[in-house]
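Reading through the structure tokens given below for one structure.
The values are calculated or read from the model by the stated rules, or taken from the named source; none is laboratory data. Keep in mind it's a predicted model, so treat the numbers as computed, not measured. Glycine also receives a Cβ, built like all others from the backbone with ideal geometry; neighbour counts cover every protein chain displayed.
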Amino acid sequence: KTHLQWCLRYLSYGKGAKILDIGAGHGGAVKAFRDLGFSAEGLELDPNLCAAAKDRFGVTLTPVDVMAADIPAQSNDLIYSSHVHEHFDNWQEVNQRLWTWLKPGGCLLVVVPTYRLSALNGRGFINVFHNSIFTRTSLDNMFKLGGFIPQAFHYPKSHSKAEVWGLAVKGGPPEKHPLSRDNAYLIWLELYCGTIVIEAIYRIIEGIARLTAPLRHRLRQRQLPHQTNSEAKKDNI
């Protein structure tokens, strides 16, 4: 719901608008979109997750790969991709398919891990199954290469993972666009220095814990209830 509510700041979809989740997982987002009054469907490659979606939310997902899905052209108002695009090694081909599935003026909402603040939470992007690592700039370029016109980007400060959200509207057929360049040095600086700082803080906390271990042990011993002599004798027996 949070992703869609952010999206609706820039777009106004009426009730019944068609939403397609291309990596629906256990179906939670599809259920949330339906609860908000939208007509939502989901694709999910993993049959186990499809079964979980049915059991947990009563949502029936289509167990199919995005590149093999049979979706009618121009049939969706919004396509939603949350933590999916980073797994593609052919996202340009994927985006071309998504482009055909959207109605004129339809939108693509993408949520992906990002480098930004990732040193504070490496879980956000360090994953052996991730084939692409995104920043706001590279997400912007990805939209342009797929024939989409970027509309808005967002770094959720309160989110538990390092993410970037991107919203783009269907433009003309994919063609060459002027692309932006990432400031790779600043990305490297944030990652490198951030990692050093976090490692230093961890070592300090670890050292304090080791030095105070005897004191904490004595305090715990004092807090333990004292046994009477008779109880001690019983224990010994």
Elements of type helices (runs of 4 or more DSSP H) in the range 1-70, at least 1 residues being of a type in the set (Gly, Ala, Ser), touching a Ser or Thr at 6+ places or on another chain (Cβ under 8 Å) and without any contact (Cβ under 8 Å) to a residue 40 or more places away in the chain: 47-57
Which numbered condition Thr62 fails, given (1) surrounded by fewer than 17 Cβ atoms within 10 Å (Cβ to Cβ); (2) β-branched (Val, Ile, Thr); (3) modelled with pLDDT under 95: (3)
Among the candidates Cys7, Cys107, Cys50, residue that is more than 28 Å from Leu145 (Cα to Cα) and surrounded by 18 or more Cβ atoms within 10 Å (Cβ to Cβ): Cys50
Residue under evaluation Ala24, criteria (1) surrounded by fewer than 18 Cβ atoms within 10 Å (Cβ to Cβ); (2) under 21 Å from Leu139 (Cα atoms); (3) among the small types (Gly, Ala, Ser), criterion not met: (1)
Qualifying residue in the range 79-90 (condition: closer than 14 Å to Ala168 by Cβ, in contact with a helix residue (DSSP H, G or I) (Cβ under 8 Å, 6 or more places away or on another chain), hydrophobic (A, V, I, L, M, F, W, C) and modelled with pLDDT of 95 or more): yes
Search result, residues across the range 33-47 that are under 14 Å from Thr2 (Cβ atoms) and surrounded by fewer than 19 Cβ atoms within 10 Å (Cβ to Cβ): Asp35, Leu36
